[in-house]
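Below is one structure, written out as structure tokens; comments come after it.
The values are calculated or read from the model by the stated rules, or taken from the named source; none is laboratory data. On a predicted model such as this, the values are computed, not experimentally measured, just so you know. FYI the Cβ positions are ideal-geometry reconstructions off the backbone, even for glycines, and counts take in every protein chain you see. Keep in mind that these areas ignore ligands, DNA and RNA; they rest on the heavy atoms of the full protein, side chains included. Shrake-Rupley method; radii C 1.70, N 1.55, O 1.52, S 1.80 Å.
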Amino acid sequence: MNILLKKLTLNTILIGLLLVSFASATVADKADGKKIAFDRKKGNCLACHVMGDGDMAGNVGPPLIAMKIRFPDRAILKAQIWDATAKNPISIMPPFGKHYVLTDDEIESLLDYLYTL
Amino acid sequence: MQRSILITAMALLFSCIVNATPEQDKKLFQKFYTDRFSDIPISEFSNGVYALDQDARDQWEATLDFPPYEYALEEGEELFDTPFRNGKNYASCFENGGINIRQNYPTFNRQRNTLITLELAINECRAENGENFLAYGKGEIAKISAYMASTSEGSIINIVTPTKGNGLADYKKGKQYFYTKRGQLNFSCANCHLQNAGRKVRSETLSTALGHPTHFPVYRMKWGGFGTLQRRIASCDAQVRAQPLLGQSETYKALEYFLTYMSNGLPINGPASRK
């Protein structure tokens with residue numbers, strides 16, 4: 001009985017911990033998407049695109065605005081980031097997924113952020 | 001019938017592009033920039049990014065009353081004039097005593113069947129006189145080269161057109177390097193300095209490849225000293241997360257040859273200062 005109780009409480013604590021970490025992971029991911037986009041060592045999208053409130057943006061690529069309306073299909077948006085040269089062989093945009101510049105998880109959080117623009 | 005004419009025409013065009021002579025390449029290359037920036041005189045491209053970005057130019061011109069490289073350039077002249085231990089000096093190795101020759105390098109040496117850049121020639125001169133080789137990218141060699149460039153101020157780049165053999169093969173190797181994507185970020189030189197010249201990456205305007213070799217070695221604030229053209233190229237390669245090649249490797253020599261030939265006709269205005 002005592003042991004059972006102990007086990008139960010331990011389980012609740014574990015589950016509780018898990019839930020807490022899940023919750024903070026989603027919050028962190030949302031913030032990370034933007035960080036990944038702006039970070040020079042990660043996406044560095046600002047090098048070429050005007051986006052959000054980022055400053056010192058370049059103008060090699062088009063401004064990233066109204067993403068929901070222009071890219072209703074998430075897979076199409078993801079493909080552009082995964083490997084822009086699939087669509088435009090001479091694209092200057094780095095193939096972030098194909099060349100392992102960003103992980104799949106990082107690209108997913110980036111997409112979440114892009115859809116806030 | 002019509003179809004086969006079309007195919008023949010396309011095949012012709014294609015073979016023209018692939019088999020274009022260096023002379024045709026150079027014409028098209030220069031025309032690309034003079035068409036795109038039709039209000040800019042061609043000799044202005046010798047000023048790199050400052051030909052295209054007025055704000056950056058204003059900041060740069062403000063520094064030119066007292067150029068940051070003045071002292072290093074004087075050191076270059078002293079080094080150039082200082083005799084080797086055997087009593088001879090650099091002037092003894094070069095045509096015209098090494099004065100006003102920058103515009104002829106890199107040069108393809110037919111006897112030796114190999115490409116000679118100015119920095120390579122400086123080191124070979126040292127070796128012939130029993131001195132050690134200098135490291136290629138910066139320091140003494142860049143100062144000496146900067147001094148030699150300064151004696152060519154206003155002279156027109158005059159690389160002999162490669163027509164056959166290894167000279168032509170080197171030219172093609174350089175051309176291929178210029179147009180090939182590389183590195184984890186997958187950029188070619190042409191992506192930035194041809195396709196997107198004049199546009200901005202972050203707050204940096206991209207210069208035209210036309211005019212790149214006219215003003216090297218460059219004194220870069222970031223370096224706090226002079227660096228050769230190949231040193232600058234290596235830093236662009238590193239930026240795209242490609243493995244930079246060694247200074248004076250066959251491929252970088254070939255790239256310098258291609259780039260310089262593309263700028264034939266432009267005036268030498270080195271050394272210059274850059275951010």
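Of note:
- Accessible carbon and sulfur surface of the protein assembly as shown relative to its total accessible area, %, 1.4 Å: 59 percent
- Simple point charges give the picture: +1 on the Cβ of Lys and Arg, -1 on the Cβ of Asp and Glu, and for chain B a dipole about the Cα centre of about 1380 debye.
- In Å², nearest 10: area of residue A:50 left accessible to a 1.4 Å probe: 80 Å²
- For the cross-link pairs A:78/B:200; A:42/A:98; B:175/B:253; A:34/A:78, the ones whose C-alpha atoms lie over 20 Å apart are A:78/B:200.
- For trypsin sites (Lys or Arg not before Pro), the sites in the stretch B:76-175 that DSSP calls loop and that have at most 10 other Cβ atoms within 10 Å are B:85, B:112, B:164.
- Cα gyration tensor, the stretch B:34-113 - rounded (a/c under 1.5), prolate or oblate: oblate
- Buried surface for the A/B pair, taken as the accessible area of each chain alone minus that of the pair with a 1.4 Å probe, is close to 1500 Å² in total.
- Cross-link partners of residue B:138 among aspartates and glutamates (Cα-Cα below 15 Å; sequence separation of 8 or more within a chain): B:75, B:119
- Each of B:157, B:227, B:196 was scored by the projection of its Cα onto the charge dipole of the stretch B:141-228, and the greatest displacement toward the positive side belongs to B:196; charges sit on the C-beta of Lys, Arg, Asp and Glu.
- Crossing angle, helix B:229-239 versus chain B [Cα axis fit, 0-90 degrees, rounded to tens]: 60 degrees
- Choice from B:209, B:146, B:238 showing the highest fluctuation, given a GNM over chain B with Cα pairs closer than 10 Å: B:238
- Of all aspartates and glutamates in the structure, those lying under 14 Å Cα to Cα from residue B:27, and not within fewer than 8 positions of it along the same chain, are B:35.
- For the stretch A:28-117, the relative contact order works out to 34 percent when only alpha carbon pairs closer than 8 Å and six or more residues apart are counted.
- Chain B: angle of helix B:2-18 to the longest principal axis, Cα-based, in degrees nearest 10: 0 degrees
- GNM flexibility winner over chain B from B:264, B:109, B:123 (Cα, springs under 10 Å): B:109
- Note on exposure: B:128, A:108 ranked by accessible area (1.4 Å probe, complete protein assembly) read B:128, A:108, with the most exposed listed first.
- Cβ charges +1 (Lys, Arg) and -1 (Asp, Glu), total dipole of the stretch B:163-219, debye: 180 debye
- Residue with peak Gaussian network fluctuation, chain B [Cα springs, cutoff 10 Å], from B:100, B:89, B:132: B:132
- Rounded to 10°, Cα long-axis angle of helix B:22-36 versus longest principal axis of chain B: 80 degrees
- Shape analysis of the protein assembly as shown based on the Cα gyration tensor places the equivalent ellipsoid semi-axes at 48, 28, 21 Å, largest first.
- Gap separating the Cα centres of the stretch B:98-127 and the stretch B:173-205, nearest whole Å: 28 Å
- Amide H contacts under 5 Å for residue B:187: B:182, restricted to partners 5 or more places along the chain or on a different chain, H placed in the peptide plane at 1.01 Å from N.
- Largest first, the residues B:43, B:150, B:273 sort by 1.4 Å accessible area into B:43, B:150, B:273.
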